[in-house]
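Trainee: Let me begin by handing over the structure; questions about it come next.
The values are calculated or read from the model by the stated rules, or taken from the named source; none is laboratory data. The structure displayed is predicted, hence computed values, not measured ones. For neighbour counting, all protein chains shown are included, and Cβ atoms are generated from backbone atoms with ideal geometry for every residue, glycine included. Just the protein is used for accessible areas: all its heavy atoms, side chains included, with ligands, DNA and RNA removed. Shrake-Rupley method; radii C 1.70, N 1.55, O 1.52, S 1.80 Å.
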Protein chains: 2
Amino acid sequence: RVWEAAVRALAAQLETQGEQHLAALHLLSVADTVGLSSAAGCILAQDILAQEPLPPFPASIKDGYAVRSHDGPGEYSVEVGALAGTAPGRLSPGYVAYIGTGGPLPEGADAVVQIEHTEQLPPEPSGRQRVRIVKAAKGPGDDVRAVGSDIKAGEVVLQRGDRLGAAEIGLLATVGAAKLQVGGRPRVGVLSTGNELVEPGVQQLAPGQIRDANRAMLAAAAQAAGALVVDLGIAGDEAGQVEAKFEETINSGVDVLLTTGGVSMGDKDFIKPLLERRGTVHFGKVRMKPGKPLTFATLEIPAAGGSTRPLLVFGLPGNPVSSIVTFTLVVLPALRKLAGWLDPSLRRVHARLAAPLKLDPERPEYHRATLHWERRLGMEEGAVGGELVAESTGGQISSRLLSMRSANALLELPQASGTLPAGTMVSALLIADLGMMPVAESVALTAQPAAS
Amino acid sequence: RVWEAAVRALAAQLETQGEQHLAALHLLSVADTVGLSSAAGCILAQDILAQEPLPPFPASIKDGYAVRSHDGPGEYSVEVGALAGTAPGRLSPGYVAYIGTGGPLPEGADAVVQIEHTEQLPPEPSGRQRVRIVKAAKGPGDDVRAVGSDIKAGEVVLQRGDRLGAAEIGLLATVGAAKLQVGGRPRVGVLSTGNELVEPGVQQLAPGQIRDANRAMLAAAAQAAGALVVDLGIAGDEAGQVEAKFEETINSGVDVLLTTGGVSMGDKDFIKPLLERRGTVHFGKVRMKPGKPLTFATLEIPAAGGSTRPLLVFGLPGNPVSSIVTFTLVVLPALRKLAGWLDPSLRRVHARLAAPLKLDPERPEYHRATLHWERRLGMEEGAVGGELVAESTGGQISSRLLSMRSANALLELPQASGTLPAGTMVSALLIADLGMMPVAESVALTAQPAAS
Ligand SMILES: [Mg+2]
Ligand SMILES: [Mg+2]
């Protein structure tokens, strides 16, 4: 199985490098204390425990009447006593008490009868309401949430490494965690290099010029990963300019520097020599397509009190596809790690090829594709099931950024000659939310189970 | 197939309501012009065309020498003439010219020979470099990107409805689209109701009190959907307080109002009567679990010049799980529609149940679960393929917000008695990015194809 071996070799290669550079990240301690309103999207850096039980009192599940369950059906006078937000009183014998959903059970009551199981009776001469319990509570605890039944006192409701989505924010609010420790936002500097580059806003290009796509793209990608981005602009192809930008970077206090361009074999590419002079280059070439000239280095920056702080430098290739693909495969996991993710790796799934795919005989390839969900071919009528289907985004030359448009996966293709036929299952790394994938025409809903 | 019919009925019910409320959204025109640096995450409200071709000049794919392809192998003098960012000169006959990756081909040259296929020779007495072409270009166009080969002039590079991720930002930068029309950010007011509620920051609860989880949770969820959130606080259970909050809401200029609580059958629940008095209630109860008391209404708010503007009101249930689930199923698609999504619906996939699931005989259920990717059981050694496996998040009572912790899907379960056995395939709506799903131990990579 030569092909599989080739792919495993690439995976191993990237993983080793991954370990290497993730190890370097332990040098950095980015962490933060935030309030609840700015915690969304962060990764927890602490466990969160509930101080009290939830509910903190026996609470009604329905709108209805708090009762003594052994009283059974019959006619009762109604006490007003268990409104939401009030301290519960005591239920007098022979009475029931009105109670709303979530309201605290009065002392003496042990169950709730929902309003639909009762009938309103004419009030007493005093004006006091009367009610007939038509269908009695089945027993103690009926339609009552016991103290601590949702959350026990002392229970760990969230753990270090949990990502704070909306529901998790709700849990934090529930337990009163108004200030919390989260993984911090790494500061990422983004620098483009190349005399050919001009700002995206330039409307009239001079001969030989192109607009700088990488900086805006990588800034957006880093920001989406939770980073604080410092725009370092464009450095021309003169050694002095790049060196000067390095000084600026170091002084700007960023944790991570992303450069694009200046890492291929040309005589005007100084990034790698500069990195070798100033720090340690961990790798400077990767057998992958796109992205071969990817470079990773760490620098020790003099800090206050004679100590040093680390600066991670990723020298990304200048071609826009290479730069965003290497960002996604190598920089993104690093940023996630800095932000506190326990497992920062891209998630792998499997998808069926919609069309044949030509392989590259020289390098394993990360082929950009759009996945969608489709009913499996040949499935029985009415059966439930589907699979991911991968459509290539077209021409994969690393200058053609359109190959990243709407891409939500990188297909992991082995280095080999020949063509994978349509229908082949391939492994794929998720690079965008499948919650935005194209929608298939009609997808079966859950059907009747075989047994019940 | 009674079960399937039941589920289809619910889907149809929600879809109809969806259409109804999505139709109401057409009344609102939220749109915006933004610069490139604030466009990430937005939905395009216009098509984007390239003004010029990319590359705008014939560009080298490699670092090497620009040549006349018919000159073939041999020894040549080197001109300096095709550095990145410079206007290309003319290649003199009998010469080659140094060229860097992305650099413009000089006039007269028609191919590139990469540096690895050449040998440096001793320079001429004048100091001019000389080089031996060892392996000649195969023909015109070799290692050259033709004008417009990545993007043609006039080509549509992005379309109305496209979501602007990092790659799309890069495409906008490439074509110089520095200002663009995007779907706007809907303004969403969030209001909690209930005398039992206190702020999340309160550390000591009085008897009968609980902390308000819904407001922070829904604010985070609406913000994640791109909305601008207005915190309207907590209204107590007095008609006057809720009415006053309504006035405040109307004056705050929000497009959408989310309330929680006050929609169940209790005598202190005024949201529905108030909405009926002030506008049109489109639905006030849905046969679903959780979320039965979900209410949707539209109000016409007097605006400047005697006209009116619409206000959409979603009355969400007070139980935190019900509120976030109904938000996700009904409000989120509405917010997406307002922000310009062409297909705002949640994406449906299929997953295998990891454990048996008891069904609800009274209502179709949206069961919270965490999906992960797993190798399919019984698969041949070395074969490539996997499937989504669904793990329930545990007790599903609508007060237990822990059932939403780490949930990335809502399983669509039919209304029925009995139990779905482990291994049943169920349909599921994606509610969080699968790029953060739990990672399975070991998942096969792309293997050798059957034919090549
Ligand atoms: Mg360059
Ligand atoms: Mg209430």
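Trainee: Identify, by number, the condition in (1) aromatic (Phe, Trp, Tyr); (2) more than 21 Å from A:Gln223 (Cα to Cα); (3) at pLDDT 85 or above that A:Phe296 doesn't meet.
Mentor: For A:Phe296, the failing item is (2).
Trainee: So, one more: Only one of these is open to solvent by less than 50 Å² (accessible area, probe 1.4 Å), more than 16 Å from ligand 1 (Cβ to nearest atom) and within 48 Å of the chain's Cα centre (by Cα): A:Leu105, A:Leu121, A:Leu91. Name it.
Mentor: Values: A:Leu121 fails: within 48 Å of the chain's Cα centre (by Cα); A:Leu91 fails: within 48 Å of the chain's Cα centre (by Cα).
Within the list A:Leu105, A:Leu121, A:Leu91, the selection yields A:Leu105.
Trainee: Filtering region B:357-374 down to residues that are open to solvent by 30 Å² or more (accessible area, probe 1.4 Å) and within 12 Å of chain A (Cβ to nearest Cβ), which residue is farthest from B:Ala444 (Cα to Cα)?
Mentor: Start the filter on region B:357-374 by keeping residues that are open to solvent by 30 Å² or more (accessible area, probe 1.4 Å), which leaves B:358, B:361-363, B:374.
After this cut, where a residue has to be within 12 Å of chain A (Cβ to nearest Cβ) as well, the list is B:358, B:361, B:374.
Working: B:Lys358: 33, B:Pro361: 40, B:Glu374: 10 Å.
Looking at the filtered set, the residue picked out is B:Pro361.
Trainee: Shifting gears a bit: Looking at (1) buried (at least 17 other Cβ atoms within 10 Å of the Cβ); (2) in contact (Cβ under 8 Å) with a residue 40 or more places away in the chain; (3) under 32 Å from the mean Cα position of the chain (by Cα), which is the only condition A:Ala235 fails?
Mentor: (3)
Trainee: Just checking, how many residues over region A:299-328 are surrounded by fewer than 22 Cβ atoms within 10 Å (Cβ to Cβ) and either at negative phi or within 13 Å of chain B (Cβ to nearest Cβ) (or both)? First the steps, then the outcome.
Mentor: In the first step, residues of region A:299-328 are kept if they are surrounded by fewer than 22 Cβ atoms within 10 Å (Cβ to Cβ); the result is A:299-310.
Among the residues that remain, those that are also either at negative phi or within 13 Å of chain B (Cβ to nearest Cβ) (or both) are: A:299-304, A:307-310.
Within region A:299-328, residues that are surrounded by fewer than 22 Cβ atoms within 10 Å (Cβ to Cβ) and either at negative phi or within 13 Å of chain B (Cβ to nearest Cβ) (or both) number 10.
Trainee: State all residues of region A:375-387 that are more than 10 Å from every other protein chain (Cβ to nearest Cβ) and either surrounded by 14 or more Cβ atoms within 10 Å (Cβ to Cβ) or among the acidic types (Asp, Glu) (or both); if no residue qualifies, say none.
Mentor: A:Glu380, A:Glu381
Trainee: Of these, B:Val175, B:Val157, B:Val112, which one is within 30 Å of A:Gly435 (Cβ to Cβ), open to solvent by less than 20 Å² (accessible area, probe 1.4 Å) and out of contact with any Leu (no Cβ under 7 Å at 6 or more places or on another chain)?
Mentor: Details: B:Val157 fails: out of contact with any Leu (no Cβ under 7 Å at 6 or more places or on another chain); B:Val112 fails: within 30 Å of A:Gly435 (Cβ to Cβ).
Exactly one residue qualifies, and that residue is B:Val175.
Trainee: B:Gln204 - would you say it is open to solvent by 10 Å² or more (accessible area, probe 1.4 Å), more than 7 Å from chain A (Cβ to nearest Cβ) and assigned to a strand (DSSP E or B)? Let's see the steps before the verdict.
Mentor: Numbers: open to solvent by 10 Å² or more (accessible area, probe 1.4 Å): yes; more than 7 Å from chain A (Cβ to nearest Cβ): yes; assigned to a strand (DSSP E or B): no.
Taking the combined requirement at face value, the residue does not satisfy it.
Trainee: Right, here's the next one. Restricting to region A:243-271, what's the tally of residues that are modelled with pLDDT of 85 or more and surrounded by fewer than 20 Cβ atoms within 10 Å (Cβ to Cβ)?
Mentor: Adding up the residues that qualify gives 6.
Trainee: If you scan region B:67-80, which residues turn out to be away from ligand 1 (no atom under 16 Å from the Cβ) and in a strand (DSSP E or B)?
Mentor: Step one: of region B:67-80, the residues away from ligand 1 (no atom under 16 Å from the Cβ) are B:67-79.
Hits for region B:67-80 are B:Val67, B:Gly74, B:Glu75, B:Tyr76, B:Ser77, B:Val78, B:Glu79.
Every residue, every condition in (1) in contact (Cβ under 8 Å) with a residue 60 or more places away in the chain; (2) closer than 23 Å to A:Pro290 by Cβ, yes or no:
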{"site": "B:Ile61", "(1), (2)": "yes, yes"}
{"site": "B:Val67", "(1), (2)": "yes, no"}
{"site": "B:Glu75", "(1), (2)": "no, no"}
{"site": "B:Val80", "(1), (2)": "no, no"}
{"site": "B:Val96", "(1), (2)": "no, no"}
{"site": "B:Pro104", "(1), (2)": "no, yes"}
{"site": "B:Asp110", "(1), (2)": "no, no"}
{"site": "B:His117", "(1), (2)": "no, yes"}
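Trainee: Quick one: is A:Gly154 closer than 22 Å to A:Ala40 by Cβ, in a loop (DSSP other than H, G, I, E, B) and either more than 12 Å from chain B (Cβ to nearest Cβ) or not charged (D, E, K, R) (or both)? Break it down stepwise before answering.
Mentor: Values: closer than 22 Å to A:Ala40 by Cβ: no; in a loop (DSSP other than H, G, I, E, B): yes; either more than 12 Å from chain B (Cβ to nearest Cβ) or not charged (D, E, K, R) (or both): yes.
No; evaluated as a whole, the condition is false for this residue.
Trainee: Which residue out of A:Gly201, A:Gly279, A:Gly208 is of a type outside the set (Lys, Arg) and either out of contact with any strand residue (DSSP E or B) (no Cβ under 9 Å at 6 or more places or on another chain) or touching a residue at least 24 places away in the same chain (Cβ under 8 Å) (or both)? First the steps, then the outcome.
Mentor: Working: A:Gly201 fails: either out of contact with any strand residue (DSSP E or B) (no Cβ under 9 Å at 6 or more places or on another chain) or touching a residue at least 24 places away in the same chain (Cβ under 8 Å) (or both); A:Gly208 fails: either out of contact with any strand residue (DSSP E or B) (no Cβ under 9 Å at 6 or more places or on another chain) or touching a residue at least 24 places away in the same chain (Cβ under 8 Å) (or both).
Matching residue, one of A:Gly201, A:Gly279, A:Gly208: A:Gly279.
Trainee: Kindly establish whether A:Arg211 is among the basic types (Lys, Arg), open to solvent by less than 20 Å² (accessible area, probe 1.4 Å), at negative phi and more than 16 Å from ligand 2 (Cβ to nearest atom).
Mentor: Numbers: among the basic types (Lys, Arg): yes; open to solvent by less than 20 Å² (accessible area, probe 1.4 Å): yes; at negative phi: yes; more than 16 Å from ligand 2 (Cβ to nearest atom): yes.
Considered against the rule, which asks whether it is among the basic types (Lys, Arg), open to solvent by less than 20 Å² (accessible area, probe 1.4 Å), at negative phi and more than 16 Å from ligand 2 (Cβ to nearest atom), A:Arg211 comes out as yes.
Trainee: I would also like to ask the following. Can you tell me which of (1) open to solvent by 60 Å² or more (accessible area, probe 1.4 Å); (2) more than 9 Å from chain B (Cβ to nearest Cβ) is the one A:Ile397 doesn't meet?
Mentor: (2)
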